[in-house]
1. Considering the range 162-184 alone, what residues qualify as being at pLDDT below 85 and not in a helix (DSSP H, G or I)?
2. I'd like to check something: does the range 71-83 contain any residue that is free of Cβ contacts under 8 Å to residues at least 12 places away in the same chain and either touching a strand residue (DSSP E or B) at 6+ places or on another chain (Cβ under 7 Å) or over 19 Å from residue 32 (Cα atoms) (or both)?
3. Out of the residues in the range 1-51 meeting the condition of being in a helix (DSSP H, G or I) and at pLDDT below 85, tell me which one is nearest to residue 85 (Cα to Cα).
4. Could you tell me whether the range 109-125 includes any residue that is outside any helix (DSSP H, G or I), more than 20 Å from residue 16 (Cβ to Cβ) and out of contact with any helix residue (DSSP H, G or I) (no Cβ under 6 Å at 6 or more places or on another chain)?
5. Conditions first: (1) surrounded by fewer than 21 Cβ atoms within 10 Å (Cβ to Cβ); (2) in contact with a helix residue (DSSP H, G or I) (Cβ under 6 Å, 6 or more places away or on another chain); (3) within 18 Å of residue 206 (Cα to Cα). Residue 154 passes all but one, so which condition is the exception?
6. In this structure, is residue 265 at pLDDT 80 or above, out of contact with any strand residue (DSSP E or B) (no Cβ under 8 Å at 6 or more places or on another chain), assigned to a helix (DSSP H, G or I) and on the phi < 0 side of the Ramachandran plot?
7. From the set of residues in the range 240-258 that are surrounded by 11 or more Cβ atoms within 10 Å (Cβ to Cβ) and touching a helix residue (DSSP H, G or I) at 6+ places or on another chain (Cβ under 9 Å), which is modelled with the lowest pLDDT?
8. Only one of (1) surrounded by fewer than 17 Cβ atoms within 10 Å (Cβ to Cβ); (2) in contact with a helix residue (DSSP H, G or I) (Cβ under 8 Å, 6 or more places away or on another chain); (3) assigned to a loop (DSSP other than H, G, I, E, B) is not met by residue 54, so which one is it?
């Protein structure tokens, strides 16, 4: 292991933070060139939800600076966070790498790829699934009581940021579990023994962060988090097997895992269609009421 003084650590931290900021600035400038196209993408769930509910499909500007602030400042910054996440995560790894053993530093590429990939995947899941269903539910609350929605650009974007960033960070759960195992702070056996507490905590977090009170939208948040928790435990178990120079029986497990996923998908579809009134359609988001 490398030995560094406290001042060396501070200098290294300062260097890595500056490099991460410069990367985000470069990504921001690039995203700024496509601000209008990015806004059309971000606004599409609102337009689709309003059109589905038979309202006028448009967002409104309430203050003079609202559109400028959102479209040409906040939105490129949000896009830069997702675009620059691999570079930022690499700087995080480069800072902690001197404290690891030489054989553990070989996890640099898997760490950056998996962390950035899961963060971006979380944003994609939020955009295409969780945010759309939640938004349609929220905008449709006033249909039976003569309340028509008037969605402002700023309020809509704030909700979009909260959902996408929140789910993006939640999708980092497997990486966190793997990293705790890598540092020998936690173990797969310990996490499995206390998994019931994790399931309860995830359910509470999902109930808090879900912007709607119904159980279906809460499950849209909770189920992926539960799956990610067990994916993290499985990744940590593979790490333990690697340390002990053992191999995982992939040929025996993969068929059963595929069957379990099919059963889970069938149960989810049954609950969505029979109990919550959703039905399949040949266009995105493929399930609608």
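The values are calculated or read from the model by the stated rules, or taken from the named source; none is laboratory data. Keep in mind the model is a prediction, meaning the values are calculated, not measured. In this analysis, Cβ positions are derived from the backbone assuming ideal geometry, glycine residues included, and neighbour counts consider all displayed protein chains.
1. Answer for the range 162-184, where residues must be at pLDDT below 85 and not in a helix (DSSP H, G or I): 183, 184.
2. Here is the first cut: in the range 71-83, the ones free of Cβ contacts under 8 Å to residues at least 12 places away in the same chain are 73.
After this cut, where a residue has to be either touching a strand residue (DSSP E or B) at 6+ places or on another chain (Cβ under 7 Å) or over 19 Å from residue 32 (Cα atoms) (or both) as well, the list is none.
Taking every residue of the range 71-83 in turn, none turns out to be free of Cβ contacts under 8 Å to residues at least 12 places away in the same chain and either touching a strand residue (DSSP E or B) at 6+ places or on another chain (Cβ under 7 Å) or over 19 Å from residue 32 (Cα atoms) (or both).
3. Of the residues in the range 1-51, the ones in a helix (DSSP H, G or I) are 6-32, 35-51.
Adding the requirement that they be at pLDDT below 85 leaves 6-13.
Numbers: 6: 27, 7: 27, 8: 25, 9: 23, 10: 22, 11: 22, 12: 19, 13: 17 Å.
Once the filter is applied, the top-ranked residue is 13.
4. Step one: of the range 109-125, the residues outside any helix (DSSP H, G or I) are none.
Scanning the range 109-125, I find no residue that is outside any helix (DSSP H, G or I), more than 20 Å from residue 16 (Cβ to Cβ) and out of contact with any helix residue (DSSP H, G or I) (no Cβ under 6 Å at 6 or more places or on another chain), so the answer is no.
5. (3)
6. On the way: at pLDDT 80 or above: no; out of contact with any strand residue (DSSP E or B) (no Cβ under 8 Å at 6 or more places or on another chain): yes; assigned to a helix (DSSP H, G or I): yes; on the phi < 0 side of the Ramachandran plot: yes.
No; evaluated as a whole, the condition is false for this residue.
7. The residue in question is 248.
8. Only one criterion in (1) surrounded by fewer than 17 Cβ atoms within 10 Å (Cβ to Cβ); (2) in contact with a helix residue (DSSP H, G or I) (Cβ under 8 Å, 6 or more places away or on another chain); (3) assigned to a loop (DSSP other than H, G, I, E, B) is unmet by residue 54, namely (2).
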